[in-house]
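Read through the structure below, which is laid out as structure tokens, and then see the notes.
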Amino acid sequence: QVQLVESGGGLVQPGGSLRLSCGASGIFFSIYAMGWYRQAPGKQRELVAAITSDGRTNYPDSVLGRFTISRDNTKNTVYLQMNSLQPDDTAVYYCNAGQYYRGTYSSLGYWGQGTQVTVSS
């Protein structure tokens, strides 16, 4: 049974930083691409970072230069370092296991339960 468990969310002031973690079990972690998505109230879930099995990364323009995804295959864990956070970054953040096809990340349907990130003064 695949389990993805996120942690590290919370309340932070604008301009602050948070580091999210996601521990994986039940999958051969090192062969999967991994992604972080977020979903704000009333909005669609969007991909904010993805990493290939060998560490190449992709980001949308909205977080490029502020967010960094990384992975530790020895710990079956993927991280999301978020800097210069703004109120628009407020959302539930989800960890995801996926794959790349023709250079594009796509979910394989394995999701964590999500962790709330709130950016507010």
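Relative contact order for segment 47-105: 25 percent, from Cα pairs under 8 Å spaced at least 6 residues apart, divided by residue count. If contacts are Cα pairs under 8 angstrom and at least 6 residues apart, what is the relative contact order of the chain in percent? Dividing the mean separation by the residue count of the chain yields 35 percent. Of interest is the spacing of the C-alpha centroids, which for segment 4-37 and segment 88-121 amounts to 8 Å.
Here the label points at Trp111 and Gln39, each 7 Å from Cα along the C-beta direction, are separated by 0.4 nm in the simple model.
The residues neighbouring Ser30, those whose beta-carbon lies less than 15 Å from its own, together hold a net charge of +1 under the Lys/Arg +1, Asp/Glu -1 convention. Note on the chain: with a GNM built from Cα contacts shorter than 10 Å, the maximum mean-square fluctuation among Gly42, Gly23, Gly65 falls on Gly42.
A P(r) calculated from all alpha carbon pairs of segment 43-106, with 5 Å bins opening at zero, reads 3, 15, 29, 26, 17, 8, 2 percent. The tail of the calculated P(r) for the chain beyond 18 Å holds 46 percent of all Cα-Cα pairs. For the chain, what % of the accessible area comes from carbon and sulfur atoms, probe 1.4 Å? Summing carbon and sulfur atoms, their accessible area is 46 percent of the total for the chain. Remark: the chain carries 53 Å² of accessible area per residue (probe radius 1.4 Å; ligands, DNA and RNA excluded).
The values are calculated or read from the model by the stated rules, or taken from the named source; none is laboratory data. These numbers come from a predicted model, not from an experiment. Glycine gets a Cβ as well: all are built from the backbone with ideal geometry, and neighbour counts include every protein chain shown. SASA here: full protein model, heavy atoms, side chains in, ligands and nucleic acids out. Shrake-Rupley method; radii C 1.70, N 1.55, O 1.52, S 1.80 Å.
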